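Here's the structure, in structure tokens; my notes come after.
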Amino acid sequence: MTSSPSDREKVVSKLPAALWQPLKVRTAQLGIALQDAVAEGLSAWRNLGANLQTVDTAGADTFSTWLPQGLWDGFRADATARGVSGIQGLAQSVQLWLDSNPAPSVERPTIVRRKIICNQKGGVGKTTIAAGLAEAYAEDSEKLYPVRHMKQMSENNLEAEIQELVGLGWRVLVVDFDPQCHLTKQFGQEIIPRNADSLAKHMIGEGKGDIRDLVMPVAEGVFGGRLSLLPGCRDAFLIDLGLARARAREAALERALAPLEEDFDCIIIDCPPTLGLSMDTAIYYGRRREGERPGASGIGIVVLAEDSSADAYELLVEQIEDARRDLRIDIDYLGLIVNQYDGRRGYIATSSLEEWKAIKDPRVVAVIPDRAQQREAVRMKEPLLSYEPACEQAMNIRALAREIA
Ligand SMILES: Nc1ncnc2c1ncn2[C@@H]1O[C@H](COP(=O)(O)OP(=O)(O)O)[C@@H](O)[C@H]1O
Ligand SMILES: [Mg+2]
């Protein structure tokens with residue numbers, strides 16, 4: 001069946017929201033055009049050997065779609081012959097299509113995806129991006145969300161395009177790996193007391209309990225229990241000291257988090273603003289494992305469009321390249337994320353963005369503008385994607401999440 005309007009006719013009828021909404025979601029989940037789903041439903045309905053149970057059509061709203069020529073007339077004739085109204089028949093047809101095309105289940109990776117969000121420079125937006133990605137990945141796979149993609153129309157013309165896409169439905173753990181614990185505070189959670197069990201203690205071999213007991217859900221009402229946080233502890237700055245003489249110390253983070261991996265589809269590490277040993281453990285954790293798809297895990301570097309970011313970037317890349325060589329591991333870059341971009345700052349911002357783009361490998365995967373909603377959400381200690389789910393910033397973060405999924 002083609003979708004060209006020429007061999008289709010526009011049909012206007014009524015459909016209750018209780019069917020219209022699931023129809024939109026299900027067709028988006030399955031990547032099927034809505035008009036094709038309706039056409040399939042109507043054809044299946046016409047082929048039925050007996051009438052279906054009556055569907056509640058109270059409060060049905062105007063609904064229009066494009067159907068292959070003749071299908072609607074044929075359906076109407078059949079409905080009349082069966083003593084069913086057009087609106088009732090359409091509702092039954094949509095229900096029939098929904099029943100025969102169940103929602104796909106969320107794909108669970110065999111190897112947990114590990115996204116390492118880093119830069120030793122503070123204040124660039126690591127925590128903001130790590131939190132935003134975690135929220136975006138954890139959104140409901142049974143709901144539609146606006147996603148703002150930038151489309152290259154021509155060499156100098158980028159245009160924003162907003163699409164309604166279903167949430168990804170991943171089970172996500174975001175790890176506060178910074179002794180300043182900003183992520184934990186941003187989510188309105190308590191930081192772990194210095195004398196209690198913590199990630200750092202598990203990394204240096206002084207963990208007492210089960211690390212799974214440290215994990216807590218974030219905004220369960222919004223993310224349906226799919227978003228979890230491993231809260232930070234001030235003792236994280238002792239990791240470097242504690243690991244100084246440890247064996248295979250680069251694997252310390254991996255060893256500590258291993259018991260958690262099977263509970264999640266994705267683990268995001270919000271790195272500290274340092275280049276010490278703890279950063280090495282994060283780089284190591286983000287390496288490509290045997291059998292893993294390139295780019296499923298890796299390192300995302302958050303930068304600003306300003307000159308001081310460039311020096312920090314060089315030092316970080318040096319450390320990553322050293323790890324790659326010395327430890328003989330494959331490390332994928334997820335890309336450069338240019339954050340807090342404000343083109344109105346003029347030449348410094350625009351020329352610096354051009355320089356980031358000129359690096360090409362890793363490439364710039366997102367330019368996230370400077371937006372007040374972002375600061376407001378932090379102030380309110382709420383996840384941005386639940387604080388203002390339809391704001392431009394939330395839509396940008398969803399696009400980034402999909403770009404580096
Ligand atoms: N895109 C943005 N728009 C507006 N404010 C932002 C944006 N990204 C980050 N911020 C703000 O900048 C500050 C530093 O961000 P943060 O994520 O804590 O950086 P880092 O983790 O690199 O130290 C925070 O107050 C945060 O709310
Ligand atoms: Mg931070």
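The values are calculated or read from the model by the stated rules, or taken from the named source; none is laboratory data. This structure is a prediction, so every number in the text was calculated from the model and none was measured. Counting neighbours? That spans all protein chains shown, and the Cβs are built from the backbone with ideal geometry, glycine included.
Structure summary
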{"quantity": "Top-ranked residue of the stretch 247-268 - restricted to ones that are under 15 Å from S198 (Cα atoms) and of a type outside the set (G, A, S), ranked as surrounded by the fewest Cβ atoms within 10 Å (Cβ to Cβ)", "calculated": "P259"}
{"quantity": "Residue satisfying all of: in the stretch 283-314; farther than 23 Å from R226 by Cα and within 16 Å of ligand 2 (Cβ to nearest atom); modelled with the lowest pLDDT among these", "calculated": "S309"}
{"quantity": "First in the stretch 113-136 and among the hydrophobic types (A, V, I, L, M, F, W, C), second anywhere and part of a loop (DSSP other than H, G, I, E, B) and within 13 Å of ligand 1 (Cβ to nearest atom), Cβ under 6 Å, 6 or more apart", "calculated": "C118/C271"}
{"quantity": "Conditions (1) at pLDDT 95 or above; (2) surrounded by 15 or more Cβ atoms within 10 Å (Cβ to Cβ); (3) more than 16 Å from ligand 2 (Cβ to nearest atom); (4) not hydrophobic (A, V, I, L, M, F, W, C); number of the one not met by N339", "calculated": "(3)"}
{"quantity": "Filter result for L67 (away from ligand 2 (no atom under 16 Å from the Cβ), over 26 Å from the mean Cα position of the chain (by Cα) and crowded, with 19+ Cβ neighbours inside 10 Å)", "calculated": "yes"}
{"quantity": "Matching helices (runs of 4 or more DSSP H) fully within the stretch 287-405 where at least 1 residues are hydroxyl-bearing (S, T, Y)", "calculated": "307-326, 347-359, 384-387"}
{"quantity": "In the stretch 104-132, residue farthest from ligand 2 (Cβ to nearest atom) [restricted to those that are aliphatic (A, V, I, L, M) and modelled with pLDDT of 95 or more]", "calculated": "I111"}
{"quantity": "Criterion: out of contact with any Lys or Arg (no Cβ under 7 Å at 6 or more places or on another chain) and surrounded by fewer than 16 Cβ atoms within 10 Å (Cβ to Cβ) - qualifying residue of D307, D280", "calculated": "D307"}
{"quantity": "Matching residues in the stretch 180-193 - criterion: being over 20 Å from P273 (Cα atoms) and either charged (D, E, K, R) or crowded, with 17+ Cβ neighbours inside 10 Å (or both)", "calculated": "Q189, E190"}
{"quantity": "P102, sole failed condition from (1) buried (at least 18 other Cβ atoms within 10 Å of the Cβ); (2) assigned to a loop (DSSP other than H, G, I, E, B); (3) under 35 Å from the mean Cα position of the chain (by Cα)", "calculated": "(1)"}
{"quantity": "Some residue of the stretch 293-303 being exposed (fewer than 14 other Cβ atoms within 10 Å of the Cβ) and out of contact with any His (no Cβ under 8 Å at 6 or more places or on another chain)", "calculated": "yes"}
{"quantity": "Listing of helices (runs of 4 or more DSSP H) fully contained in the stretch 152-266 that carry 1 or more residues being in contact with a strand residue (DSSP E or B) (Cβ under 7 Å, 6 or more places away or on another chain)", "calculated": "182-186, 199-203, 252-257"}
{"quantity": "Test result for A358, free of Cβ contacts under 8 Å to residues at least 60 places away in the same chain and within 21 Å of A130 (Cβ to Cβ)", "calculated": "no"}
{"quantity": "Whichever residue in the stretch 224-277 is touching a Cys at 6+ places or on another chain (Cβ under 9 Å) and among the charged types (D, E, K, R) and, among such residues, is modelled with the lowest pLDDT", "calculated": "R234"}
{"quantity": "Which listed residue, of S13, S100, S93, S4, is at pLDDT below 95 and closer than 27 Å to Q163 by Cβ", "calculated": "S4"}
{"quantity": "Only one of L183, L168, L173, L144 that is within 16 Å of ligand 2 (Cβ to nearest atom), at pLDDT 95 or above and out of contact with any Pro (no Cβ under 7 Å at 6 or more places or on another chain)", "calculated": "L183"}
